[in-house]
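See below for the structure under consideration.
Only the coordinates and a few stated rules stand behind these numbers; no lab work does. Every value quoted in this text rests on a predicted model; they were computed, and no experiment measured them. Backbone-built Cβ (ideal geometry, glycine too); neighbour counts: all protein chains shown.
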């Protein structure tokens, strides 16, 4: 019993210390990853991309000779743990933070604004792009609303009048619905929103609604595994409706899970796929992964997404250093807001941030699954108003 | 060494902490709690505040589950009502934040009592499912309701007292500490009243309680209301502290982890709820820091730790259920009993 007590005391002391050794002259950044939670499928390669970019920078001399100390941990998509880790890292004086999902991004956006810490995550809700609402959040991907509107534009150009948005039954899922409806109304189209129940193994009922409404296109705002179930059901029912995946089912996992049903599915992906030949992938990412013995094809598009997101933050830091300013979150924020046509090496459209708009990415390319790989189908399509 | 506690008058008999050692321990804890914010950094304060809020919620649930014997899986939903209630009153009606917290608690009490109505007919597993339904209904209503902002997070302006912003970790610590103290005193004393004793009678044997003249239905619903009020109170504090209310925080996982706090801490023990809240909220932090600390010598720890962290939650619950079903409160009691008679225990 006494031994147990001793152990508990030691563990508590360790928790209180927070571990880690603070070295002077490193640039401190914090982050959270979902490696074990419900979104770990996409969360793990995204996290690897972020962490590997840091390794890449540090191996190449860091930022102006200073190494980056990136502190990050798994939070299993639990908001409390995200808050714990965030405050743990801010008490170590980090100057930038990498989040992940909708839950943690929403929970922390007030805090990061108070603490003046630039925040990037893989949640692309339109509200996060408005500096009046979320002054320290920066969006690297096209906003969900933007992705949906681009998909609608494509459908309209191909003669569609009715489009169904089948979405995850959550704020993440419904995020693009209102903006999409407004756009459709202004452009003489109709959009119907159909929630996809969590954990469903059959979407026949939902697809019947699609058929009844006479929709020619189904846009999917959901993650890969339910989207794959949906693709299979569309195939099984012999529907000739064209499916368009937004960001979170535009990945290799979707193709793997859907098998033949993935053929012909269009992907509205803000990020270039591994095989796209984008200069950043070929000149920077692939040499790194080959040297480190990482299978880039297996990591997939979310790895590239994480890499580019971290790269933007680090380039913001470089900008501050180049200007000779003090390295603070506030200065990085100012530097990022000055980025015009920032090149991501063709992984995304060039990014432009201003003090009134943090949706840096306003265009994306459509891809189509052919023989199990995403092939580029169109050039960049810009979100029209 | 003491041979027993002997009371010579009624006033002494009513004391919660009759012996000098008990009083000493209480003073020690109070002093510790008062000194803590001056020596702790922001991270430790965040942890403390989280523990405090969860402790309040766990005490609330313990009134229902530990003392009245009615299981509930709707804790997350009730916390959400408290949080949204408080947040919406501030943002829509412009009420001062300190006024919204008790009102939100009252609203949660009413809704809790409503969802407690099936407890007249349902027991055990059936009641668990009925309260699970409450959790789902509340979550659904929040996402769909036009008032809550639905898909968008509800932003609550920072609470102030006399112009001082309270939502910082250090300032809010005091609000949580005072709230926790009030809730603890309320709960401890509740079980010395007619109402509290009726709760315990129902837990121990509801038929016997009814025969003794306890109105089982009334007291069950009352227990739901009281418990929900305290849980809603915790939710309201969370909304004010964090400034942003999002439904994703109040899912079934929260209900389960608070239930775990109550079970690990000790069913039917107010202090146990606090121990449980400490253990369950600090366990991930302890393990992740342990992983980081060990990763210097064993780099693989960093990749394995997240999985250990996940598994540990289950392991801890199973170990407690096997070795000490009465929880940390019982372990602490055993330690105290051991030393009370030490070294001449028999």
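Tell me whether chain B comes out rounded, prolate or oblate; compute the Cα gyration tensor, take square roots of the eigenvalues as a ≥ b ≥ c, and use a/c under 1.5 as the rounded threshold.
On the way: a/c = 1.38, a/b = 1.10, b/c = 1.26.
Cα axes put chain B in the rounded bin.
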Log entry: pair-distance distribution for the stretch A:233-311, C-alpha pairs binned every 5 Å from zero, whole % per bin is 3, 13, 24, 21, 14, 11, 7, 4, 2, 0
Label point 7 Å out from residue B:252 along Cα-to-Cβ: which residues of the stretch B:299-331 have amide N under 20 Å?
-> B:310-311, B:313-315, B:317-318
Where the Cα pairs of the stretch B:239-297 fall when distances are cut into 10 Å bins, in % = 21, 33, 35, 11, 1
Do the sum for chain B: with -39,500 (n - 2.57) for every DSSP H run of n ≥ 4, divided by all residues, what is the mean residue ellipticity at 222 nm, to the nearest 500 deg cm²/dmol?
-> -24000 deg cm²/dmol
Tell me, Kirkwood radius of the stretch B:146-268 from alpha-carbon pair distances, in Å?
-> 17.2
Inverting the mean 1/r over all pairs of different Cα atoms, compute the Kirkwood radius of the stretch A:35-120 and quote it in Å.
-> 13.7
Which value results for Rg/Rh of the stretch B:184-233 when Rg is the Cα radius of gyration and Rh the Kirkwood radius based on the inverse mean 1/r?
-> 1.00
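Would you kindly calculate the translational diffusion coefficient of the stretch A:62-106, applying Stokes-Einstein with the Kirkwood radius from alpha carbon pairs, for 25 °C and a viscosity of 0.890 mPa s, and quote it in µm² s⁻¹ without decimals?
On the way: Rh = 11.6 Å.
Using the Kirkwood radius from Cα pairs, D works out to 211 µm²/s.
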Between residue A:377 and residue A:201, what FRET efficiency comes out of the Förster formula 1/(1 + (r/R0)^6) with R0 = 35 Å and r the beta carbon distance, rounded to 0.05?
-> 0.70
Taking chain A as the reference, fit the longest principal axis to its C-alpha atoms, fit the long axis of helix A:177-186 to the helix C-alpha atoms, and give the angle between the two in degrees, 0 to 90, nearest 10.
-> 50
Helix A:224-236 sits off the longest principal axis of the Cα atoms of chain A, rounded to the nearest 10 on a 0 to 90 degree scale, by 10
Stretch gain in nm, segment residue B:34-residue B:296, where the contour uses 0.36 nm per residue and the Cα spacing is subtracted = 90.8 nm
To the nearest 10 degrees, the tilt of helix A:2-17 (Cα long axis) against the first principal axis of the alpha carbons of chain A is 80
Sequence-separation-based contact order of chain A, relative, with Cα cut under 8 Å and 6+ spacing, percent | 17
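At 0.36 nm per residue, and after removing the present C-alpha to C-alpha distance, how many nm does the segment from residue B:215 to residue B:188 gain when stretched out fully? Don't jump to the answer; show the numbers that get you there.
Numbers: separation 27, 0.36 × 27 = 9.72 nm, distance 2.22 nm.
Gain on extension, residue B:215 to residue B:188, equals 7.5 nm.
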For chain A, report the convex hull volume of the alpha-carbon atoms normalised per residue, in Å³, without decimals.
-> 149
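Run lengths n ≥ 4 of DSSP H only: what is the helix-derived mean residue ellipticity at 222 nm for chain A, with -39500 (n - 2.57) per run over all residues, to the nearest 500?
Working: 14 runs with 162 residues, N = 385.
After summing the helix terms and dividing by residue count, I get -13000 deg cm²/dmol.
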Along Cα→Cβ, 7 Å out, is where each label goes; now give me the distance between the ones at residue A:66 and residue B:307 in nm to one decimal.
-> 3.7
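Taking the Cβ of each residue in B:22, A:313 as the centre, tally the other Cβ atoms inside 10 Å and list the residues starting with the fewest. Could the numbers behind the result be given before it?
On the way: B:22 14, A:313 27.
Neighbour counts put them in this order, fewest first: B:22, A:313.
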Assuming R0 = 41 Å, can you tell me the calculated FRET efficiency for the pair residue B:205 and residue A:190, based on Cβ-Cβ distance, to the nearest 0.05?
-> 0.10
Order of A:310, A:196 - criterion: other Cβ atoms within 10 Å of each residue's Cβ, fewest first = A:196, A:310
Sort out for me the Cα centre separation of the stretch B:136-194 from the stretch A:298-317, rounded to whole Å.
-> 37
Would you mind getting me the FRET efficiency between residue A:370 and residue A:343? Use the beta-carbon distance for r and R0 = 25 Å, nearest 0.05.
-> 0.35
Can you give me the three principal axis dimensions of the protein assembly as shown from its C-alpha atoms, in Å, biggest first?
-> 90, 62, 50
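How would B:98, A:307 line up from fewest to most surrounding beta-carbon atoms within 10 angstrom?
On the way: B:98 14, A:307 30.
Neighbour counts put them in this order, fewest first: B:98, A:307.
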For residue B:15 and residue B:318, compute 0.36 nm times the residue count separating them, minus their Cα-Cα distance, and round to one decimal in nm.
-> 105.5 nm
Based on the Cα gyration tensor of the stretch B:206-262, what are the three equivalent ellipsoid semi-axes, each the root of five times an eigenvalue, rounded to whole Å and given largest first?
-> 32, 13, 8
